[in-house]
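See below for the structure under consideration.
The values are calculated or read from the model by the stated rules, or taken from the named source; none is laboratory data. Because the structure is predicted, anything quoted here is derived from the model rather than measured. Using ideal geometry, Cβ is built from the backbone for each residue, glycine included, and neighbour counts are taken over all protein chains shown.
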């Protein structure tokens with residue numbers, strides 16, 4: 001594989017990572033997680049209910065903790081205040097580890113949800129050695145760009161795909177100054193980008209999942225792109241696609257045109 005395309009350093013964290021990160025959102029089974037380890041993936045994002053992943057990581061952490069990067073976090077509550085410490089302690093127990101590499105505040109929809117208390121708690125966790133780096137996930141692109149410009153978080157997790165390219169203006173220009181780590185998700189736009197859409201010319205091919213991931217990773221601002229396969233077959237296909245490297249001009253035009261078609265429909269999107 002092209003080492004420059006498939007591996008990188010996650011911004012200011014200094015963590016060496018495979019650029020395809022793994023999520024177990026679609027419960028792919030423990031064998032798939034173990035296969036990902038065998039294939040060299042080392043960045044893992046999980047929630048507490050992702051037991052397929054947490055149980056595998058708990059197993060491998062017994063002897064190879066320093067070889068893998070785990071990212072998790074506490075979800076933003078629309079009502080009330082999230083208990084960051086309770087969530088952190090629970091993840092530490094679930095994963096059988098003394099520390100979390102990247103602990104995130106997840107699902108921030110409004111700037112007012114990101115209170116000073118959040119930053120204070122994160123700093124305490126760092127001082128205690130229970131987390132190494134801080135992060136935040138949000139669809140609020142302007143907020144993400146401002147946090148990067150102000151060096152407020154070690155990494156950001158944002159939506160980016162061929163149908164939603166707003167990060168290119170609102171976020172990417174601001175991450176270089178402080179070398180903010182950037183992880184993206186929804187590369188296939190919940191599979192819309194790889195399914196036939198009404199209005200697409202019959203003589204033009206439809207992008208596949210590998211092309212969707214390569215689109216994201218062709219942008220040098222993105223350090224890691226998350227993939228959430230349902231099984232080993234999908235995992236193998238997604239990893240193998242990276243062997244082709246960045247998209248060429250024709251491929252880039254194809255998937256951008258397809259993304260524009262999808263975006264023009266303005267259908268609801270998480």
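What the table shows:
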| item | result |
| --- | --- |
| Members of segment 218-236 found to be without any contact (Cβ under 8 Å) to a residue 40 or more places away in the chain and surrounded by 15 or more Cβ atoms within 10 Å (Cβ to Cβ), listed by number | 218 |
| Filter result for residue 82 (out of contact with any helix residue (DSSP H, G or I) (no Cβ under 6 Å at 6 or more places or on another chain) and buried (at least 21 other Cβ atoms within 10 Å of the Cβ)) | no |
| Filtered residues of segment 1-16 (kept if in a strand (DSSP E or B), surrounded by fewer than 19 Cβ atoms within 10 Å (Cβ to Cβ) and in contact (Cβ under 8 Å) with a residue 40 or more places away in the chain) | 9 |
| Exclusive hit being surrounded by 12 or more Cβ atoms within 10 Å (Cβ to Cβ), modelled with pLDDT of 95 or more and more than 17 Å from the chain's Cα centre (by Cα), set 68, 99 | 99 |
| Filtered residues of segment 17-36 (kept if touching a residue at least 24 places away in the same chain (Cβ under 8 Å), surrounded by fewer than 21 Cβ atoms within 10 Å (Cβ to Cβ) and either touching a strand residue (DSSP E or B) at 6+ places or on another chain (Cβ under 8 Å) or farther than 15 Å from residue 237 by Cβ (or both)) | 18, 23, 25, 27, 29, 30, 31 |
| Residue 92 vs. criteria surrounded by fewer than 19 Cβ atoms within 10 Å (Cβ to Cβ) and over 27 Å from residue 212 (Cα atoms) | yes |
| Residue within segment 191-210 that is farther than 24 Å from residue 40 by Cβ and crowded, with 24+ Cβ neighbours inside 10 Å present | yes |
| Spans of helices (runs of 4 or more DSSP H) in segment 79-177 with at least 1 residues more than 22 Å from residue 47 (Cβ to Cβ) | 116-127, 141-149, 167-170, 172-175 |
